[in-house]
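Here is the structure we will look at.
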Amino acid sequence: MEKIKKVPERKCVGCNEHRNKNDLWRVVKTKDGEVSLDKTGRAAGRGAYICKDVACLKKAVKAHRLEASFQMQIPKDVYSALENAMAEGQE
Ligand SMILES: [Zn+2]
């Protein structure tokens, strides 16, 4: 049997589909309860993932998926950071 290289997959909070980790942005909640965009994907804490796609961000915002994931209000600047990151990624 051929060995398949496993790429870690995570579920997007926008479209609910599993994707390659590299195609997603990670949002992290640290143990201090701070939520931020984790561009490195390596920050300690609980993570939520979203496609590098504005459409998914919009869906997630509308359905309050990040709020549901982290059980807290998400600061506006987290959403702005995601928007900026996605705008950059589309260049
Ligand atoms: Zn998505």
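Just checking, which of ALA60, ALA81, ALA48, ALA55 is exposed (fewer than 12 other Cβ atoms within 10 Å of the Cβ) and touching a residue at least 12 places away in the same chain (Cβ under 8 Å)?
Of the residues listed, the single one that is exposed (fewer than 12 other Cβ atoms within 10 Å of the Cβ) and touching a residue at least 12 places away in the same chain (Cβ under 8 Å) is ALA55.
Only residues that are open to solvent by 100 Å² or more (accessible area, probe 1.4 Å) and either at pLDDT 95 or above or among the aliphatic types (A, V, I, L, M) (or both): list them for the stretch 10-31, please. Full working, then the answer.
At the first step, the residues of the stretch 10-31 found to be open to solvent by 100 Å² or more (accessible area, probe 1.4 Å) are 11, 18, 22, 31.
Correct list: LYS11, HIS18.
With the requirement that a residue be within 18 Å of GLU88 (Cα to Cα), hydrophobic (A, V, I, L, M, F, W, C) and within 9 Å of the ligand (Cβ to nearest atom), what does the stretch 48-67 give you? Even if it seems obvious, please write down each step before you answer.
Taking the stretch 48-67 as the starting set, the residues that turn out to be within 18 Å of GLU88 (Cα to Cα) are 49-58.
Within this subset, residues satisfying the condition of being hydrophobic (A, V, I, L, M, F, W, C) are 50-51, 54-57.
Scanning the stretch 48-67 gives ILE50, CYS51, ALA55, CYS56, LEU57.
For the stretch 20-37, what are the residues that are closer than 15 Å to GLU88 by Cα and away from the ligand (no atom under 16 Å from the Cβ)?
none
Applying the selection to the stretch 12-71, what residues are in contact with a helix residue (DSSP H, G or I) (Cβ under 6 Å, 6 or more places away or on another chain) and farther than 20 Å from ASN84 by Cβ?
CYS15
The values are calculated or read from the model by the stated rules, or taken from the named source; none is laboratory data. These figures come from a predicted structure and were not determined experimentally. Neighbour counts run over all protein chains shown; Cβ positions are idealised from the backbone, glycine included. All accessible areas refer to the heavy atoms of the entire protein, side chains included, with ligands and DNA or RNA removed. Shrake-Rupley method; radii C 1.70, N 1.55, O 1.52, S 1.80 Å.
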